[in-house]
Structures are given as structure tokens and as C-alpha cells.
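**Q** Structure below; questions to follow.
Just so you know, all these numbers are worked out from the coordinates, no wet-lab data involved. As the structure is a computational prediction, the values presented were derived from the model and not from experiment. No Cβ is skipped: glycine too gets one built from the backbone with ideal geometry, and neighbour counts run over all protein chains shown.
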There are 2 protein chains.
Amino acid sequence: MKGAVPVSQQAGSQPVFATRSELSKAVDQLRDQLGEDAISTEDEDLRRHGYSEWSSINIDTLPVAVAYPKSTEEVSQIAKVCSQHRIPLIPYSGGTSLEANFSAPFGGVSVDFCFMDKVLQLREDDMDVTVQPAVGWMPLNDQIKDSGLFFPVDPGPSAMIGGMVGTSCPGTNAVRYGTMKENVVNLTVVLADGTVIKTRRRPRKSAAGYNLTGLFIGSEGTLGLVTEITLKLYVIPQETSVAVATFPSIRSAAATAMSVIRSGIPIAAVEIMDDVQIGIVNKAGGTKRRWQEVPTLFFKFSGSPSAVKEHIQQVKALSKRQGGGDFDFTSDAEEQKALWSARKEALWSMLALKREGDDVWSTDVAVPLSRLADIIEVSKKELDELGLFASALGHVGDGNFHESIMYNSRDPKERQMVEDCVHRMVDRALEMEGTCTVSFSTPQRPGTSNDLHSSRH
Amino acid sequence: MKGAVPVSQQAGSQPVFATRSELSKAVDQLRDQLGEDAISTEDEDLRRHGYSEWSSINIDTLPVAVAYPKSTEEVSQIAKVCSQHRIPLIPYSGGTSLEANFSAPFGGVSVDFCFMDKVLQLREDDMDVTVQPAVGWMPLNDQIKDSGLFFPVDPGPSAMIGGMVGTSCPGTNAVRYGTMKENVVNLTVVLADGTVIKTRRRPRKSAAGYNLTGLFIGSEGTLGLVTEITLKLYVIPQETSVAVATFPSIRSAAATAMSVIRSGIPIAAVEIMDDVQIGIVNKAGGTKRRWQEVPTLFFKFSGSPSAVKEHIQQVKALSKRQGGGDFDFTSDAEEQKALWSARKEALWSMLALKREGDDVWSTDVAVPLSRLADIIEVSKKELDELGLFASALGHVGDGNFHESIMYNSRDPKERQMVEDCVHRMVDRALEMEGTCTVSFSTPQRPGTSNDLHSSRH
């Protein structure tokens, strides 16, 4: 039908994307330029890039091709060809998102950065490092540890820096070190038309020009494809300690966390887990120890030995004042890992208990600090009333908390019940001047299990 | 000449602004809507809003009117009328900028927020506060001090929150608490057409949506007029101490600052001043004490009493290792103020020594941490060779430093010499992957002396 105008191009305000024949022309063009292996259209590959068992949201469309660039230059070539043919581009690194950040609602090309996984330059004296998108934060820290420096943003273990930029990722250390917003020095970005820009230069602080770095962080790939990231590094603290404190109620646990923050004790992290979540960790058996199945706070302390000791005593006193029970702490690295692992294993543990046909709905809301105990208490009560397997946990120091609900999406009544519960929770957060990043879910399709960790949690 | 198209409207890619008659129509319209006093066109008022003796940059044009809104709604009305008539809008709060942030290169209306100077809501338990643009950071801290909370960003004493948002202002506490970028929760902004938006909701952390808050911070009013600002607050530290350390050379002082940062000692602030700058402070006589006229570091420590003690000892040891001389410290609030005042008085002191006809050229560059000792050493040498009254100081913990050069702009030879020196310094910073925010100057006109402090320094 040479010369005919495809129907899709006649639409008015709707975006108009490539036709099937244009798509295949673009794929051929990209294979010519980048080599046969640079583009995959195999079913299994498309599915792996458009669906995740782990995500709360999955949509019905998949990408039509997956590109595997090896350099910024190749990403630019991909963008040029795709923009010429009006083909959407979706960046993909760890694929660990709970929120379908890698979804391809209009088909399009998923750009998988797996070959761009290098630490490009570590500058110890400047306390920064430049990496490619598919560097994981854990391998990064392992690779640079001899410098005495580390990158503090610590989401799920499999998350990669590229996706962490795209989702403006926090982590348990955010109370002390901030989120990605506070820890990216500059970005190299390929824009939709293939133009390569650098968002700013390399001093740790700069007020010159618009804050483009901040604009790309959290933009989920919608403004461009990030191909190089310079990150701020910090000195590994002299001493670290972890404490686990139990409480008679979720409210008293949340109230303790608030009073610690409000008193200005410079804790490195504080996380909350409810009784159900602790039970899940016990059942999964991923940690060495058996935990008391009650509302629990996990604290991390860091600094000089005397500061750490002092802060532990202050936090212990505040916990007691709220009726707190056990207060275990340790400065031994192995024991710390064992204590903190209960928090880190939380999502994994939930998944391990999933039966065939189960779905997990994860929610993510944040409220002003003073409202956290309220929203956690009410939401926890509603979760219990659901009669389903549902747990709550959160980065309580930032006013952020998550619910995970296991349910059967093919049972319309159960699905509706869960949906109503989640919507009430989101409405409640919004009434409290809060925000949410997940507020709906769509039916899940059975898929492959590839990445089990979230870049948001 | 009814119906004639003004020449300015025939231009192609150049912006086309209101004609004189349109301007006066707009002013009448605004007076009708907001009251007679809401708009001033008096010469003295125009000059006070378009020229500053203090700024390194002053241009030849002035605003054509000054608007004095009392609410977001009035700002929106001003924007609507001005956008209808193609009149530029320039926000004005403290007017303390060194870099002509309030300049009106195309005439236009300066919007002075002096009547929007209220602390609207302090939420102690959420650790945030909502203020109007013309609230000064010092009066704010004074007003909220009974809550045990404070706002940490501390530029020159007269700076106001509105301008601090516009310039993405740092301050001496940036090493510990970050700059404005890290400390604004949300903004209410009036866009060019009068639309009122809120950049985000009120949790301390959120990854939902584009980071519009970050985009407006540092945009210098070019994207909209900020009318309400919600700021993060912090708990006032239990103990604060200030130390002053002297050094045999500017390089050894800078190297000590770097080694303190690199060792991870959590100092609250570190500032550098050269021998000339210390001499200026002595000459101005603004502080109680006479300072040794040698390169000097000012440190601030905060935290628990034992942590502060420990950090002071660690910093003292690092200073000695670089050949440091005296190391005075004090935890007494009055003595602290006296010690820190030398740094805070630096710019004021320089101005106090200005003779009739003198101009001050201030520069602002930042480089990666490892290059700071290099750039300070070379730049200091060049400043000395100028044979003029010139000093260096900086927020050394962020790789940021400033030069101030006193010269006579009406002497073409002297002017050229200073310009060359500044350009070399800027080129050097850029070669080191650094940035600058001031790289040029224009002849200064004699003007009124209104605000003596910068919102950047």
C-alpha cells in the first residue's frame, strides 16, 4: 500500500506511532548500524522486558523489540532511528520495579542497558564515581570498598543505578544520606532525537543554570535515556550498629520512630515492620534467627564509636517510654547483617510464600511525619479485616510506608475487596496531604520470574 | 497612530515587548484591580529595584514599574495583566544578590514581595514550615526557635526565602544540611499567564511525578513567581562549637579542609579566608577581636557534647599534620558568634573599606574537591600580582570559592586587568571540570545603597 496514509496517522491529538512495516524497517536499519545481535524480537525477550511477576502493575502490551546498546553513541543511534519512525523508547536496567516502570503501553523498543555495566571512573579525592546504567548499587560498593568510600542509596539488592535514577529511588539510608535526588552530581542523557547532553559539570555543589539533573531524576525515562551517571560518594563510617526494638502495637512503634526523628538523634536509618511481616520473614526462613512476631522497629546507627554508643542509649530510652519491649543491638558486622536481613528480606519472603495463582499488590504512600502513626494504625486495622495475607512495612523516617497484600486476581470479589482497601488507603494519604506512587492494579498474567527486588523498596 | 504596528513587533525571533502606551494601560489596569498604591513608577523606586551598589553586575535598564502584591491571588492578577500586554515580570525579595538576579534587561515590572512576609504555618511535628517569599531566614529562625527547630540554610543575613529559592542558595551549613535544593518540600508558583500551581504535596520524601520543585529552585524567577514555600526544619543541635585554625599558606589551609572532608568527620561547616580577607575584617573593626592576618579555616561542629568534643580533636590533629598553627575553639555561644562573625562579616567588611569611585568585582566558582587547593593557590597568586585590594574566601567543603577585587571601573587599564584576571580564573575552573556563576561585569552606575548582603554568599 505504498503511499497510503496509515489510519493511525490521521488521528488528531492522540500520539501517532509507527506502523508494523515502519517498525520492521526501523529494526532492519538498527541491525545494519549496530549489528544483528543488537536487536532482539524473540518472544521470550519481549516478555521478559514487558512483564514482571513481581510488579503490582502489568499491562497487556509488550515491547516490539529489545535493543542492546554498548555505548552512549549506540543509544543515540537507536534514538535517532526510533524518533524518525515514531517508535517509543523504554529504558530497562534492573527491571526490579514494583510499578511497571519498564511497561511498553504503545509497544516500542525496550532499551536494555545490560552491556553498559561498567564503573567508568572512580575519583577518590573528589569523592565521586561515574558509572553506566546497568551497574548495581551493591556490586558498585563492593568494587570501590578499598577506597574507604561508599554510595549510600540502598534499595532492593538487584536494583541498578540507571533505574534508581529513573525512579528517584530512596532506600533505608535516606534519613541520613538522602535519596537519588541528593546524590547525583551529573548525568549524560540521550534525548528522544538522539542528541547527547550532559546535565551539569562536576563540582558537588552548583547553582549555575537550570537544575536539569534534578528534572531527569524520577522522570522514568520519559525525558531521555540516561547513559552515564556521576554519583556522590561518602566515607564509610568508622562504626555501624543495628538495633531491633519490639512494641506492643504498631502505633507505639510508629510513635517511637517519630519521637526519635523529632528529637534530632542522627540515626542512619529506621524501618518499621508489622507482626505479619515479621511472621513472613520467620516462615520464609531466610534469616538465621527466629523473630518475635510483634510490631518492630529496625534502627541503624553510624559514626564514631562514642557517638554510636550515645545514640543507641538515647533511642533505647525513647523506645521504653512508648512501652517498647526487647531492644537488641550489635556492632558485630555478621550479627548486624543477620538483624538487618529481616528488613532486607521482607519482599523476598513475601514472594517465597506465594502459591500458584496468587498475586501480590504492593502499595507505596508517604505522609507528613506527624500523620504516619495515624495512617499506619488505621491501614493496618483494615488490612487485618480483609482476612487476607497482608503486611505493612516502611521507611518510617521519611513518612513512607508500604502494604503488601496477597490475593487472587481471578476472583472478582476478592479483587474488588483489595482494590477498595487500597483506594481507601490512598485517599486517606491524600487527605493527610500525602502522596502515592501506586494506586491501581490491572490483572496479572503468568510470566517469567526474573528480578525479585524492587528499585523503590 | 492607532492601528500602527510598533517596530518592536515586526522583529522575527526576538521577543516582542509592550509599547510605552501598552505599558501605561497595563499599569492603569493593575491600579484599578489592586489599588493605587499597589503599583509604583517613582524614579527612586525603579532605581532601588534595578540597581545595587553591592552587585558585581548592573545593567543600564531599570524596571518600568514596581508592583507590591499582598497575596498569591494578587500576584496571579499581575501576571495575567502583564502576560496579556507582553510585559516581563521580575521577582524581588531581599535584593541582596551579587549577580543582578533582579535585573530588568527589557524593562518590565519588578514584583516586590515586601508585603508577603508572613510565616504562614509552623508544623512542629512534621518538622516543616510554610512561609511567604519576603521572610528572611534569620527572622524565621528567631520566630520558630521555641519549637527547638531551625532552618539551616544560612546565606548573608539579609537574604529572604524567596530569593534563596530563586538562586538555589547554599550557605555555610551546606556541608551538613545541603542547599535550598535539599530543603524545600514544595512551592506555590504563579506561572507567566497567572496560573497558580503547587509543585508537590507535603511529605518530606516523594518520588511521584516530575521534580518540579527542583526545577523552580535556582530558576531565578524565569519560570514563574514563587509565592509560598514549605521548608524542611531540623532539630537545633544539643551542642555547637566553632573553631578557628591558622595556616602558613592558603594551600595548607585548603588541603586541611579537604582532608577533613575526605576523612568523613561530620563537621557542620568549613570556610576558608585568606590573609587579605582577615586583614579586611580587622580593618573594618566589625568583630570584637583582632585576628592574625594569615590563611585561616573556620570550622563549625554540632551534635551531642561527646561527639562535638571528639570531632574537634580529630580536626585539630589533621590541621597540625598540614603545619597548622593556632587552633582556637569555643562552645560558648557569645564567643562562637565572635569567632564566626569574621566569616559572616567578610563581605560587609570589604564594602566598608570601599572609597568613593571604587567598584567590587565578586566571583563565584566551584570545582571538584580534589582541585580546590590548586585553584585557590594559583588564583591567590594572580590576585596578589594584580597589586589591587583583592581577597579570597569560600565554602571550601563544597569546592566553592569566591574572589572579591576592589578596583576602579572608570580606569580602562585597571578594568581590563581585572577582567583578564577573572576570566583566567573562570577558564581555570572550567578546565578543572568546575562551574562559575559570575564571569563578566559591566560598568557600575552610582546608586543607592539598600541591601548589603548577598543571597549567594
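**Q** Considering only the label points, 7 Å along Cα→Cβ from Cα, what distances in nm to one decimal separate A:Leu120 from the same position in each other copy, shortest first?
**A** 4.1
**Q** Work out the FRET efficiency for B:Lys145 and B:Gln314 from their Cβ-Cβ distance, taking R0 = 30 Å, and round it to the nearest 0.05.
**A** Values: r = 30 Å, r/R0 = 0.99.
The value I calculate is 0.50.
**Q** Under 20 Å between alpha carbons, and skipping anything fewer than 8 positions from A:Lys198 in its own chain: which lysines qualify?
**A** List returned: A:Lys70, A:Lys80, A:Lys118, A:Lys181, A:Lys232, B:Lys181.
**Q** When only C-alpha pairs under 8 Å and at least 6 residues apart count, what is the relative contact order of the stretch A:14-112, in percent? Don't skip to the answer; put the middle values down first.
**A** Numbers: 162 pairs, mean separation 34.1, N = 99.
Averaging sequence separation for qualifying contacts and normalising by length gives 34 percent for the stretch A:14-112.
**Q** Find how much the distance from A:Gln14 to A:Asp125 grows on full extension, using 0.36 nm per residue of separation minus their present alpha carbon separation; answer in nm with one decimal.
**A** Details: separation 111, 0.36 × 111 = 39.96 nm, distance 5.06 nm.
Between A:Gln14 and A:Asp125, full extension yields 34.9 nm more.
**Q** How far, in degrees from 0 to 90, does helix A:333-344 lean away from the longest principal axis of the Cα atoms of chain A, to the nearest 10?
**A** For A:333-344 against chain A, the angle is about 60 degrees.
**Q** Counting only other chains, and only Cβ atoms inside 10 Å, what mean value do you get across the residues of A:211-219? Each step should come with its number before you reach the end.
**A** Working: counts 10, 2, 3, 10, 5, 2, 4, 7, 3.
The per-residue average across the peptide is 5.
**Q** Write down the radius of gyration of the protein assembly as shown and its Dmax, each obtained from C-alpha positions, in Å.
**A** In order Rg, Dmax, the Cα atoms of the protein assembly as shown give 28.9, 89 Å.
**Q** What order do you get for A:309-315, B:252-258 when each peptide is scored by the mean count of other beta carbon atoms within 10 Å, highest first? Intermediate results must be reported in sequence, preceding the final value.
**A** Details: A:309-315: 19.1, B:252-258: 25.4.
The densest-packed peptide leads the list: B:252-258, A:309-315.
**Q** For a footprinting-style exposure proxy, rank A:Ser349, A:Ser76 by other Cβ within 10 Å, fewest first. Mind dumping the intermediate values first?
**A** Working: A:Ser349 24, A:Ser76 19.
Placing the least packed residue first, the sequence is A:Ser76, A:Ser349.
**Q** D for the stretch A:348-438, whole µm²/s, Stokes-Einstein with Kirkwood Rh over alpha-carbon pairs at 4 °C and 1.567 mPa s: what number? Provide the component values of the computation, followed by the final result.
**A** On the way: Rh = 13.4 Å.
Value of D from the Cα-based Kirkwood radius: 97 µm²/s.
**Q** Moving to a separate point now. Dividing the convex hull volume of the Cα atoms of the stretch A:55-198 by its residue count, what figure in Å³ per residue is obtained? Working shown, then result.
**A** Numbers: hull volume 15.3 nm³, N = 144.
Dividing the Cα hull volume of the stretch A:55-198 by its residues yields 106 Å³.
**Q** I want to check the label-to-label distance for B:Met138 and A:Asp32. Put each point 7 Å from Cα in the C-beta direction and report it in nm to one decimal.
**A** In this crude spin-label approximation the distance works out to 6.8 nm.
**Q** For the stretch B:119-235, with equal point scatterers placed on the C-alpha atoms only and solvent neglected, what are the log10 I(q)/I(0) values from the Debye formula at q = 0.11, 0.19 1/Å, to two decimals?
**A** At q = 0.11, 0.19 Å⁻¹ the computed log10 ratios are -0.31, -0.98.
**Q** Tell me the Rg and the Dmax, in Å, that the Cα atoms of the stretch A:14-112 produce.
**A** According to the Cα coordinates of the stretch A:14-112, Rg and Dmax are 12.9, 38 Å.
**Q** Can you tell me the equivalent ellipsoid semi-axes for the stretch A:138-184? Use √(5λ) from the Cα gyration tensor, largest first, whole Å. Let's see the in-between values first.
**A** On the way: eigenvalues 58, 32, 17 Å².
Output for the stretch A:138-184: semi-axes of 17, 13, 9 Å.
**Q** Ok, one more. Using r as the Cβ-Cβ distance of B:Glu433 and A:Glu377, and R0 as 56 Å, what FRET efficiency do you calculate, to the nearest 0.05? Don't skip to the end; give the middle numbers.
**A** Numbers: r = 50 Å, r/R0 = 0.90.
Result of the calculation: an efficiency of 0.65.
**Q** Along Cα→Cβ, 7 Å out, is where each label goes; now give me the distance between the ones at A:Glu182 and A:Ser306 in nm to one decimal.
**A** According to this spin-label approximation, the distance is 2.6 nm.
**Q** What is the order of B:Leu231, A:Leu353, fewest Cβ neighbours within 10 Å to most?
**A** Numbers: B:Leu231 23, A:Leu353 14.
Going from sparsest to densest Cβ surroundings: A:Leu353, B:Leu231.
**Q** Please give every one of the lysines within straight-line cross-link reach of B:Lys300, meaning a C-alpha to C-alpha distance under 17 Å, and leave out same-chain neighbours fewer than 8 residues apart.
**A** Excluding near neighbours in sequence, the set is B:Lys309, B:Lys316, B:Lys337, B:Lys344.
**Q** Note the direction-averaged projected area, equal to a quarter of the hull surface, for the Cα convex hull of the stretch A:239-344, in nm². Show your work: numbers first, answer last.
**A** Values: hull surface 23.1 nm².
Quarter of the Cα hull surface area: 5.8 nm².
**Q** Compute the long axis of helix B:305-321 from its Cα atoms, compare it with the longest principal axis of the Cα atoms of chain B, and write down the angle in degrees, 0 to 90, nearest 10.
**A** 70 degrees
**Q** How would you rank A:Leu369, B:Leu62, going from fewest to most other Cβ atoms within 10 Å of each one's own Cβ?
**A** Numbers: A:Leu369 23, B:Leu62 19.
By the 10 Å Cβ count, ascending: B:Leu62, A:Leu369.
**Q** Now a separate question. If you average the alpha carbon positions of the stretch A:371-407 and of the stretch B:237-298, how far apart do those two centres end up, in angstrom?
**A** 50 Å
**Q** Could you tell me the largest-minus-smallest coordinate of the C-alpha atoms of chain B on each of the three principal axes, in descending order and whole angstroms?
**A** Rounded to whole Å, the extents work out to 78, 59, 38 Å.
**Q** Counting every Cα pair in the stretch A:260-306, what percent are over 12 Å apart?
**A** On the way: 735 of 1081 pairs.
Percentage above 12 Å: 68.
**Q** I've got another one for you. Helix B:72-84 versus the longest principal axis of chain B: what is the Cα-based angle in degrees, 0 to 90, to the nearest 10?
**A** 60 degrees
**Q** Let me know the mean shielding of A:304-310 by other chains, meaning the per-residue number of their Cβ atoms within 10 Å of its Cβ. List each step's numbers first, then the result.
**A** On the way: counts 9, 1, 5, 8, 1, 1, 5.
That average works out to 4.
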